[in-house]
Every structure is written in structure tokens, then in C-alpha cells.
Amino acid sequence: MSAIEILLVDDEIEFAETLAERLRLRSFKVTVVSRADEALTVLDAGLRPDVVLLDIKMPGLNGLDALGEIKLRDPDAEAIFLTGHSVASSSIEGMKRGAFDYLMKPIDIAELISKIEQAAEKRKEKSGGADGQSV
Amino acid sequence: MKLLSRIRGFTMSDEPGGSLNRRQGYAYLQRLFVAAAFIAVVLPLVVITLLGFFQYRSLFERDTSDKLRLDTQSAKQSFEFHIQETLSTMDVVAQGYSYGELFDQSKLDTLFIRLRNEYWWVVDLGTLDSSGVQRAYVGPYLFQGINYSDQEWFQNAYSRKTYVSDIFTGYRGVPHFVVTVTSGAPGTDRYWMLRASIDSEHLSNYITTINTDDSIDMFLVGVDGTMRTQSRNHGKIGDVYSVDLSTAGNNIALGQRDEQGSPVIVASTKLEGMPWILVLERRGYVYGDTWNQFQMQFIAIVVACALLALYIMFRVTRAMVSMIKRADERRDEMLAEAQHTAKLASVGQLAAGVAHEINNPLAIINEKIGLIRDLTEYSEDFPQRDRFLVLTDGAASAVKRCKDITHRLLGFARRMEVEKEKLHINDVIREVVSFVEKEALYRDIKLDLVLDDTLPRIESDRGHLQQIFLNILNNALDAVEKNGTVTIATMAKKPRTVRTIITDTGPGIPQNVIKHIFEPFFTTKIKNEASGTGLGLSITYGIVKKLCGHISVESSPGEGAKFIIDFPIECDLEE
């Protein structure tokens, strides 16, 4: 089984880089960007991550709007919001817009990995279904 | 008007420099109300009373005056008739004699005897010629031949058909008066004057005879203002009469008072053809006893009414002031609660902001510690490796504690999503009790449920309600010692509200703690207790408010604590 590929979008670089390193230690393939528009650029360049980890509150395009753009480019994309924000309704809104789940910072790595694996599995199922339909 | 403006402009102040403090202010307000009510009620009562009193007294006076006037007229007629009759008889009898016979002593004796038969009070009788000499005389004195031409009475009577003199002592040295009848032209040989003397004592006796009313003092006063007869109240003959009768005609004088304060009504009338004024003086009213009785009853009724009015005014104004006081207190409580809510809201916002700002660096620390631990775990063994793991676990544990705090802080402030449903609050309470009953059993704490099963369902969120009751129950269980009791009661409360009261038999909460009990981080628990973050009740407060409810605490040290939570049946919850 190939490594799960993750796109981590968070303006807290220290956090994002450290989390990415921890995930890499666990054999995940992680790409880190600090802004939503950078994430779109990466996607436009052809990257198709299994799971997108998205901060909600970011400079420029916020996480909720970024999810919409990501879904435009990759309808099967599964996103998990990582938020330190107090307004849980934002996370609920994210769920409504098609996010897989959300986690409150500081996160528990085991819980995150569990969610990532579930999201990746879901994407895999969806991609397989889509392939089936296209045939 | 000044009083009304005072009431309108009435203000109180709690400030030390304020015009009036609360207690003084309410007492002052009550005095103002009583004064206003007094002016509005008692004053008109007094005015009406006085009007009635004086009106009634005026009626009595008028009645008495009318009666006295009638008595006076009657006495005047009687008196005048009495004297005039004497004069007429003298005249008629004298006319029966010739000029010469009238000066004849024996004829005059006969005439005197005839006269005395009818008018026994005539003392003597004399016949005078035009020169004033008494040529014939019958009586107890030796007055025959005396010339009266220099006497005032003679001069006054000389040219008059009839005359009644004033009282004088004359030659005999005894107070008396004369009545005269004349005939013939003055200064001629055919002129004569028949004179009769009457003792003044007869006037007093006659007045006594005609005065049948003991309450009336009847007497004669001369034109010079001195007494002509004895008076009960004004002394003997010759004394000066105190009342001015210079204008006396047919007059009634009112408004005087005697030494005892009784009303004195004086009626006076000039006697026709006589130099006297007849005076009738009445002390007290005709129906004096009725008047006195009426006065007493009237005063008693008015005083009783005034006292009753004052008592009612006092009670009513006290009740009014008490209502105002309670309204003020309620306003103060609502104001304090609003301030408290605003304070909590702002503290909540601050807490949320702080928590959020802390959360991000905390997330970095968490990841760094996690990475250190990962690296240690993924690395080969090296010196102090185990110690490294212990240290990172300790740091991770501290981060988790911080995370719990920040998440609770965020929970306190954030708008949590709710799932609205219609539910029975008793069901929620029973569920929550099932969570804690084992702990209660283990600690020998009695859990009493007094639930009203007829309560209507309320619109609320089951999860949040559970959190509220769990928080309060946990606090109650923490407060209660072994063998203590925690009671949960539900009841209906108007309007359309369901009330839950959770009471414990713990040590109670001091007033200074109650004021801060819903503030974040306020705790009375020992620091190293796991649940002593001081956020439980502040979160509870926030959730209760979110569910349209109201929570309050009542407690006194040593008497346990009582948490009262009210929820309306309908609530516009934000889902």
C-alpha cells in the first residue's frame, strides 16, 4: 500500500512544519504550504493529495472558502479542518461544505492519524466508484 | 403645590454625598405622602366640619335671637301697657273732677283711694298748679305746698299731656319716679297737673313678674347707661351697664361671651314715653343642652374620623412606600443581574480571546514535544533515553492540562450548536442522576428526587441540560459531607416556566463568594483537585442563558446551598 499523501495548509509555519515532520516519521507523505492560494497553486500543478489538512483562519483566502476552491479542482478531495478558533460553527460550516471532519488544536496525533486514515479510505472508495462509473 | 413639586422632584441617592440615603429617603417620602394625603383629606374634613359647626351655631343663635326678640317685644308691650294704664286711669279719673275739686284735699283723698284700689304701687298723689306748687297732696310725706317749679321732672312734664320721669330720690330721699297727667293750657288759671309717685322698687318687682324665663336677665337701663333696676349679672341700681346702648332701638346684639365662654345674646328696646331702655340678656342658647350635646358628639365624630383617616393614610402610604421600595429593590436586582451578565459576557469574550491566542502557541509546543517524543521513540537507544521519554510525557501532560483549560474557556464563551427538541426536564434529571448515583452511594450521600411529573415539556437541548445539571450536581456532591443530602426538585412556575431547585446540606456559600460564583476561574476548591478549574459554573451559567434560562444561588454559611434554575417552556434556540 502506497503512503497516504497529505497537503497541510496552515499559516502557523512552526506548527505545520513540526506536525508534518511527525507525520512523515509515520510514513505519511506531506506537503506543507502556509496560505490557501499556495495550496490551490500546488493543486493546479497536478498534486492530488489523499487528505487536505486545513486551518480555518488564515490570511487571504480562509479555510472554508479554500475548501470550495479545492473541491472545484478535485471533487473527491477529503479535507480535515484543524482549528484553534473558538467559533465551532465555522467547523460545522466546514462540515456542511463537504469537509470530512474537524479537530481542535492542540491536536492528539493518534486521533489525527485515525481521522486521516478514515478520510483517505473514503477518498479511495469515492475514487474507485468514480472510476467505476467512468468505465 | 410646593408639596406636589417636592413629591415629583423626589430623588434618592446611595452616594455618601447624596441628598438622602435610601432609608431616610423612604421615610421622607412617606412623610410627604402623609402630608399630601392629610392636606387632601383631613383639611377639607376640618373645613367642612367648621362650616357645619358655625352654620349649626348660627341656627341656634338665630333661633335664640328670634325667641329673645319675641320675649323683648312681649315684655316691652307689657311694661308700656302697665305704665300707660296707670296714666290713662289717672287721666280718666281726673277728668271726672272739676278744676276746684282736684285741688280739694278731701276729693283728692277719695281719688287716691280709688286709684290705690287698682294700682296699689302708687305711693302718693298730688295736684300742682301752673306755678309748680303742690296745692293738694295725699301720701305718707308732708309735701303739700312744695313748689316743684325748679325740678327737672316738673319742667319736662309741664307742657306734656302725660309724662313719666326718670328715677330720682327728690325730697323724700327714696328712689322713685313720677307719672303726671296735665290739663288746661300751661300758664293759665285752668292748668293743673296730677302727679303720682311710684317707688323704683316696683319696677324691679314688675320685671320679676313678667320675666318667666330663668335664663333671661331682664332689667332697665337709663339713657345715661346706668342701671335702673337690679340685674343678676350687672349689679345694682346706679351701676354702669357695660354694654353700649347708645344706638338702642329695637336691637339684638350677638357675638358676646361671658367669663365662662358661654354665648351672651342681648336684646334691648327703648320703652315708649319712658326714659328707660328695656334690656333682656340671655346666656346660652334656647336649646343649650342639645347644643352642648351636639358639640360633644360632633367633636368626637370629627376627631374619630380624622384619626381614622390619619391611620388609613399612614397605612396606605406605608404600603405605597413599601411597594416603591420593593420596586426599587427589584430594579436594583435586575440592574445588578444585567451588570453581572454583561460582566460575564465581557469576561467570556476576553477568556475566549486569550484561549484562542494561547491555543496556537500551545499547539506548536504540543507538536514540538510530540516530535521530540517521536524522535526519541524512533531513535536507537541512547543514554538517558527513558528520562527523555518521562520528561516529554510530563511536558505533554502539562500541555494537555493547558488544552483542557483553553477548551473549557472556549466552551464558556463560544456559541455552541444546539439540537432543539421538546423534552421532559424530569427525564434529563433522572439520566444525570444515574451518572452520579454510584458516587453518591459510595460516599453515603442521599439523593432525593422530588419531581413534579405533571410538568409540561420544554423546548431545549438535552445535552446542554445534562451538562448543566451534571455540573451543579457534581458541585453539590463535592460540598456535602458523608450522610448529607442532595435534593433535586422540579415544579411549575408562572408564567410558563419550569423550575428546578437543587439543594444540598453542605456548609453553604458566603455572600462574598455568591457574588463571584459564576465568574470564570473563580473556585473555592483546593488547587490540586482535578475539577477545580473554576470554569464549571461559569460554563453552566453560559449554557443556561443560551437555553433562555435563569440561574441563581441562595445560601448562607452553615445552611447549605440552593441552586434555582428556571427554563421557559418555549425558547427561541439558535441551532
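Taking each residue in A:3-16, count the Cβ atoms of any other chain within 10 Å of its Cβ, then average. What number comes out? If you can, show how the numbers build up before the last one.
Working: counts 0, 0, 0, 0, 0, 0, 0, 2, 1, 5, 1, 7, 9, 2.
Mean inter-chain Cβ contacts per residue within 10 Å come to 2.
Name all residues of region B:294-329 having a backbone nitrogen under 16 Å from the label point set 7 Å from the Cα of residue B:47 along its Cα→Cβ direction, giving them as ranges.
none
Angle between the Cα long axis of helix B:385-413 and the longest principal axis of chain B, 0 to 90 degrees, nearest 10?
Rounded to the nearest ten degrees, it is 30.
Shielding by partners for A:98-109, please: the mean number of other protein chain Cβ atoms within 10 Å of each residue's Cβ.
Whole-number average of other-chain Cβ neighbours for A:98-109 is 4.
Given a Förster radius of 56 Å and the C-beta distance between residue B:378 and residue A:96 as r, what FRET efficiency does 1/(1 + (r/R0)^6) yield to the nearest 0.05? Don't skip to the answer; put the middle values down first.
On the way: r = 39 Å, r/R0 = 0.69.
The value I calculate is 0.90.
For the protein assembly as shown, with the dipole built from +1 on Lys and Arg beta-carbon atoms and -1 on Asp and Glu ones, taken about the Cα centre, which of A:18, B:479, B:371 lies farthest toward the positive end?
It is B:479.
What lysines sit close enough to residue B:67 to cross-link, taking a C-alpha to C-alpha distance under 26 Å and skipping anything fewer than 8 places away on the same chain?
B:76, B:270
Assign unit charges at the C-beta atoms only (+1 for Lys and Arg, -1 for Asp and Glu), then state the dipole size of region B:96-203 relative to its Cα centre in Debye, rounded to the nearest 20.
Details: 9 positive and 12 negative charges, 43 e Å.
Rounded to the nearest 20 debye, it is 200 debye.
Please list, in order along region B:176-183, the HN-Hα scalar couplings obtained from phi with the Karplus expression 6.51 cos²θ - 1.76 cosθ + 1.60 (θ = phi - 60°), rounded to whole Hz, x for Gly and Pro.
7, 9, 10, 10, 10, 10, 10, 8
Restricting things to alpha carbons, tell me how big region A:5-134 is in terms of Rg and Dmax, in Å.
13.6, 42
Going down the table (B:515/B:562; B:438/B:562; B:420/B:545; B:368/B:403; B:422/B:546; B:446/B:562), which pairs top 18 Å between alpha carbons?
Numbers: B:515/B:562 14 Å; B:438/B:562 22 Å; B:420/B:545 15 Å; B:368/B:403 15 Å; B:422/B:546 16 Å; B:446/B:562 16 Å.
Pairs exceeding the cut-off: B:438/B:562.
Bin width 5 Å, origin at 0, all Cα-Cα pairs of region B:421-516: what percent of pairs per bin?
2, 13, 23, 22, 17, 14, 7, 1
Starting from the Cα-Cα distance between residue B:23 and residue B:201, subtract it from 0.36 nm times their residue separation and give me the gain in nm to one decimal.
On the way: separation 178, 0.36 × 178 = 64.08 nm, distance 8.07 nm.
So the extension gain works out to 56.0 nm.
What translational D, rounded to a whole number of µm²/s, comes out for chain B from Stokes-Einstein when the hydrodynamic radius is the Kirkwood one over Cα pairs, at 20 °C and 1.002 mPa s? Walk me through the numbers on the way to the answer.
Details: Rh = 36.0 Å.
The estimated diffusion coefficient comes to 60 µm²/s.
Would you mind calculating the gained length between residue B:494 and residue B:77 on full extension (0.36 nm times residue separation, minus the Cα-Cα distance), in nm to one decimal?
Working: separation 417, 0.36 × 417 = 150.12 nm, distance 9.06 nm.
Between residue B:494 and residue B:77, full extension yields 141.1 nm more.
Can you figure out the FRET efficiency of residue B:319 with residue B:441, using R₀ = 35 Å and their beta-carbon distance, to the nearest 0.05?
On the way: r = 52 Å, r/R0 = 1.49.
So the FRET efficiency works out to roughly 0.10.
Dimensions of region B:96-203 along principal axes (Cα, Å, largest first)?
So the extents along the principal axes, rounded to whole Å, are 35, 28, 23.
State the answer as a single residue: which of A:40, A:61, B:207 lies farthest towards the positive end of the charge dipole of the protein assembly as shown, with beta carbon charges of +1 for Lys and Arg and -1 for Asp and Glu, about the Cα centre.
Sorting the options by dipole projection puts first B:207.
Rounded to the nearest 20 debye, what is the charge dipole size of the protein assembly as shown about its Cα centre when +1 sits on each Lys and Arg Cβ and -1 on each Asp and Glu Cβ? Provide the component values of the computation, followed by the final result.
Numbers: 80 positive and 96 negative charges, 211 e Å.
Once rounded to the nearest 20, the dipole reads 1020 debye.
Given all pairs of different Cα atoms, what value in angstroms does the Kirkwood hydrodynamic radius of region B:416-575 take? Can you show the working numbers first?
On the way: mean 1/r = 0.0626 Å⁻¹.
Averaging 1/r across every pair of different Cα atoms and inverting gives 16.0 Å.
Tell me, what does the Kirkwood hydrodynamic radius of the protein assembly as shown come to in angstroms if you use every pair of distinct C-alpha atoms? Intermediate values should be presented prior to the final figure.
Details: mean 1/r = 0.0260 Å⁻¹.
About 38.5 Å, per the Kirkwood formula over Cα pairs.
In chain B, with Lys and Arg counted as +1 and Asp and Glu as -1 at Cβ, which of these residues, B:540, B:50, B:162, has the Cα nearest the positive end of the dipole, that is, farthest along it?
Ranked along the dipole, the leading option is B:540.
Can you give the FRET efficiency for residue A:27 and residue B:423, using 1/(1 + (r/R0)^6), R0 = 56 Å, r = Cβ-Cβ distance, to the nearest 0.05? Provide the component values of the computation, followed by the final result.
Values: r = 48 Å, r/R0 = 0.85.
For residue A:27 and residue B:423, the calculated efficiency is 0.75.
What do you get for the angle between helix B:43-95 and the principal long axis of chain B? Use alpha-carbon atoms, 0 to 90 degrees, nearest ten.
0
Values in this text are rule-based calculations from the coordinates and carry no lab data. Every value quoted in this text rests on a predicted model; they were computed, and no experiment measured them. Counting neighbours? That spans all protein chains shown, and the Cβs are built from the backbone with ideal geometry, glycine included.
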